[in-house]
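The values are calculated or read from the model by the stated rules, or taken from the named source; none is laboratory data. From a predicted model like this one, the values you see are computed outputs, not experimental measurements. Cβ atoms come from the backbone with ideal geometry, glycine included; neighbour counts cover every protein chain shown.
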Amino acid sequence: MIMQKAIIEFIETLVSRGLSEHTIKAYKKDLLQLEDFLKKYFENNEVKLDQITKLFLRDFLRYLSNHDRNNRTLARKATSMKTFFQFCEKNLKLQKNPAANLHIPKFERKLPKYFSEKEMEQLLNIPDLTSKFGIRNRAILELIYSSGLRISEISVCSIGQVDLDEKTIKIIGKGDKERLVPLSSKAKIALRNYLTVREEFTSRFSGDVFFLSKSGRKLSPNEVRDILSRYLNLVAKTKGYSPHSIRHSFATHLLARGADLRAVQEMLGHSNLSTTEIYTHLTLKNLKTAYQQAHPRSDKSD
């Protein structure tokens, strides 16, 4: 099979699985870049899937490294290739997976940016609750901070997923994995307030989508990001926060107040505990700061 056709089938599968638009674009960009690089090894620029070897893939990573790509970028490209060729092996009957033993470069993870509890309070209080849009946006903010949802999960959330009586929300996360996450009391109030005005947003396109745009359609992930970004700029314009920082704040604040790491992993929907462990570095940093400021035997000048 020609690689170009395989990429199309792979991307169609990602779309059907409900992966975020951002993730799908990243996979597509990585694989098209790989295909373009491999064309020099094949006649007529037609890259044949079953003739790609591990050496070709290593040459691609070496080429990227020589062009000043850092290990974080190389790791993402390697992960994209491994996922793609696993798909080809399983679904397109590729006999030998050239990426099976491909090394993924290690890199130092950047600590995620997060809001202080005081900043989160300021952020949550910005929406104008005399407006139906303000009521909706307050509910979105409260839900992300209450339950650690991703932007893509907010976008596809349906009314049936939210149980206000039990104060829980059922999330359909990456790879269609389900998880049940608690709702805070304040999030419950914000969501209930939104439901009283939701009818003012509805149209024939609404269905059971929970958060609706002014046209009555579901809010796309980009629309949710735009809404949140307007509020973020009012709180921390120069600090480089993103809408995802609210999810980071959810995890950081829970761990700082003594939550179990595995419970936070479950609520975030992380497949690997190592992904969640990055938040322990943030809480440790806070503990060290508190120690330096408070302990009588600490050296305040260090």
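Only a single item in (1) buried (at least 17 other Cβ atoms within 10 Å of the Cβ); (2) over 23 Å from Asp226 (Cβ atoms) is not met by Leu180, and it is number (1).
Within the range 178-206, the set of residues being closer than 27 Å to Phe115 by Cβ and not in a helix (DSSP H, G or I) comprises Arg179, Leu180, Val181, Pro182, Leu183, Ser184.
Those helices (runs of 4 or more DSSP H) of the range 62-157 in which at least 1 residues are among the hydroxyl-bearing types (Ser, Thr, Tyr) and not assigned by TED's automatic domain parsing to the domain that holds Ile169, considering only elements entirely within it, cover 71-91. Evaluation of Lys96 against the conditions (1) exposed (fewer than 15 other Cβ atoms within 10 Å of the Cβ); (2) at pLDDT 85 or above; (3) in contact with a Lys or Arg (Cβ under 6 Å, 6 or more places away or on another chain) shows that the sole unmet condition is (3).
Could you please give the count of residues in the range 3-32 that are over 23 Å from the mean Cα position of the chain (by Cα) and either among the polar types (S, T, N, Q) or outside any helix (DSSP H, G or I) (or both)? Of the residues in that region, 1 qualify.
Please tell me if Arg192 is crowded, with 18+ Cβ neighbours inside 10 Å, of a type in the set (D, E, K, R) and either farther than 25 Å from Ile24 by Cα or free of Cβ contacts under 8 Å to residues at least 40 places away in the same chain (or both). Judged against the criteria, Arg192 is not a match. Filtering the range 155-170 to residues that are under 13 Å from Gly18 (Cα atoms) and crowded, with 21+ Cβ neighbours inside 10 Å leaves Ser155, Cys157. Exactly one residue out of Phe60, Phe56, Phe84 is more than 30 Å from Leu141 (Cβ to Cβ), under 20 Å from the mean Cα position of the chain (by Cα) and of a type in the set (Phe, Trp, Tyr): that is Phe84. Keeping to the range 207-264, report how many residues are modelled with pLDDT under 90 and part of a strand (DSSP E or B). Selection size over the range 207-264: 0.
Scan the range 40-49 and give yes if some residue there is touching a residue at least 60 places away in the same chain (Cβ under 8 Å), over 22 Å from Leu92 (Cα atoms) and in a helix (DSSP H, G or I), otherwise no. Checking the range 40-49: not a single residue is touching a residue at least 60 places away in the same chain (Cβ under 8 Å), over 22 Å from Leu92 (Cα atoms) and in a helix (DSSP H, G or I). When the residues of the range 265-299 are filtered to those that are at pLDDT below 80, aliphatic (A, V, I, L, M) and under 19 Å from the mean Cα position of the chain (by Cα), the one that is surrounded by the fewest Cβ atoms within 10 Å (Cβ to Cβ) is Leu273. Just one residue in the set Ala75, Ala139 is surrounded by 21 or more Cβ atoms within 10 Å (Cβ to Cβ), over 21 Å from Leu255 (Cα atoms) and in contact (Cβ under 8 Å) with a residue 12 or more places away in the chain; that residue is Ala139.
Which of the residues spanning the range 1-22 are closer than 25 Å to Lys39 by Cα and modelled with pLDDT under 90? Outline the logic, then answer.
Within the range 1-22, the subset closer than 25 Å to Lys39 by Cα is 1-14.
The answer is Met1, Ile2, Leu14.
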